[in-house]
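Participant: Could you have a look at this structure, given as structure tokens, before my questions?
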């Protein structure tokens, strides 16, 4: 007698808590954010990399800090001895990758990554258990402060490209050494400096509890509040090299045309234990931090590489998407498709070098920043042009790179321009003029005003 097959019970499944399903329209919105990240990274001379979705657990426990360790998704293969973790961030992977090939890589190395990451935390607005994140890092190089400004500039550039301005978003700067110097001046043993930084990092979320913890460390919360309110007036740190470093970073951002975006904020500590100096966050009104990062000069050496200065940041898609949607800055329908059809600037438009004569060196950073930023058409907002619209720019942003070498041998520098396949090389002759060399055609124009470079290059694209 034939038996009837056992009837299976239907089950209904939902996506795991803290994750998202991306149907076609959601996928287009995600692509809009990812394309904005990638476009800015390429325009600023970063090269794309990626690593594995999971790493050995020890890679994160060795230096990331308590906050990250408590949020790891870890697992072990059946019968195996190694313990792994889904990546909660990218910096340890980047440090491992750089350490493995440090001697073969250029100085500085500028890398970016756009990938998914995982954190076992309570889902809430702006925070999910799986998210996409953009990371930009400048590794090695002779001028650490220059690297700081490069990564901060890239983070601000995405905000601007998406239609946000300094009235909504600002970059908050600090140096953790300012805080530890103040702690030392106020009698806190160095062994407790990390504890002090952890308190500072969460003080804005729970000031009463954190002030009680400061008192337990024999710190007067009122004195600490006075430091935050007016750091340059504090006798404990007013002459410290770390405070001068923060002020210098702000001046460099000003030189790149970003003065209105930047503010010094000594309440900023960042929770990751591997940060060694400058830290920053990009903060929007009514939202948690959109981006955050800092300097991690010891991490690559810790992972087997040579002593290597490095600086970078991460920007998540969840907070940025909330911000754009709330402010009506996420395109829809045909406009979204058109925005996604914009070309990606893979090939450098311009490579900038200096003769070193008559103030030429001082013009490199401002010129490169101006070329990457483009020139906005006057009154574009008032005319109803959207941030992704064709009428926003009179001169579009360009993919601009520069030489970081000390040499002034123009022949060698032209070789570097050719090696990165730039279309034009700008040879700055003095504080006002340059030679513009078309590397494809072998033609050049001398005596070109620096203010005209962007328009002339974009006209020839």
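FYI, it's all coordinate maths here, none of it is from the lab. These figures come from a predicted structure and were not determined experimentally. When we count neighbours, we look across all protein chains shown, and the Cβ atoms used for this are built from the backbone with ideal geometry, even at glycine.
Participant: Can you bin region 278-401 into rounded, prolate or oblate? Criterion: square roots of the alpha carbon gyration tensor eigenvalues sorted a ≥ b ≥ c, rounded for a/c under 1.5, prolate for a/b above b/c, oblate for the rest.
Facilitator: oblate
Participant: Follow-up question, since we're still on this one. Just to be sure I understand: of the beta bridges DSSP finds with both ends in the chain, what percent are antiparallel, rounded to 5?
Facilitator: 80 percent
Participant: Peptides 211-223, 274-286, 52-64: what's the order by average Cβ count within 10 Å, highest mean first?
Facilitator: 274-286, 52-64, 211-223
Participant: Moving on to the next point. For region 324-371, report the convex hull volume of the alpha-carbon atoms normalised per residue, in Å³, without decimals.
Facilitator: 103 Å³
Participant: Provide the packing ranking of 203-210, 400-407, i.e. peptides ordered by the mean count of other C-beta atoms within 10 Å per residue, highest first.
Facilitator: The packing order, highest mean first, is 400-407, 203-210.
Participant: Let me ask something else about it. With a point put 7 Å past each Cα toward its Cβ, work out how far residue 50 is from residue 229 in nm, to one decimal.
Facilitator: 5.1 nm
Participant: Students often check this: by mean Cβ neighbours within 10 Å, which of 168-181, 372-385 ranks highest, and how do the rest follow?
Facilitator: Listed from highest to lowest mean packing, they are 168-181, 372-385.
Participant: Size of region 9-62 along its principal axes in angstrom, Cα-based, largest extent first?
Facilitator: So the extents along the principal axes, rounded to whole Å, are 55, 38, 14.
Participant: Something else now. Please report, in cubic angstrom per residue, the volume enclosed by the convex hull of the alpha-carbon atoms of region 24-346.
Facilitator: Considering the Cα atoms of region 24-346, their hull volume per residue is 156 Å³.
Participant: Where the centroid of each part is defined by its Cα atoms, how far is region 289-317 from region 369-428 in Å?
Facilitator: 27 Å
Participant: Any chance you could get the radius of gyration and Dmax over the Cα atoms of region 347-461, in Å?
Facilitator: Rg, Dmax (Cα atoms, Å): 14.7, 48.
Participant: Cα-based Rg (one decimal) and Dmax (whole number) for region 150-270, in Å?
Facilitator: Gyration radius and largest Cα-Cα distance of region 150-270: 15.7, 46 Å.
Participant: Taking only Cα atoms of region 284-333, what ratio of Rg to Rh do you get with Rh as the Kirkwood inverse-distance radius?
Facilitator: Computed over Cα atoms, the ratio is 1.25.
Participant: Sticking with this one: Work out, step by step, the length gained on full extension between residue 107 and residue 445: first 0.36 nm times the residue separation, then minus their alpha carbon distance; give nm to one decimal.
Facilitator: Answer, rounded to one decimal: 118.6 nm.
Participant: Per residue of the chain, what 222 nm ellipticity follows from adding -39500 (n - 2.57) for every DSSP H run with n ≥ 4, rounded to the nearest 500?
Facilitator: -10000 deg cm²/dmol
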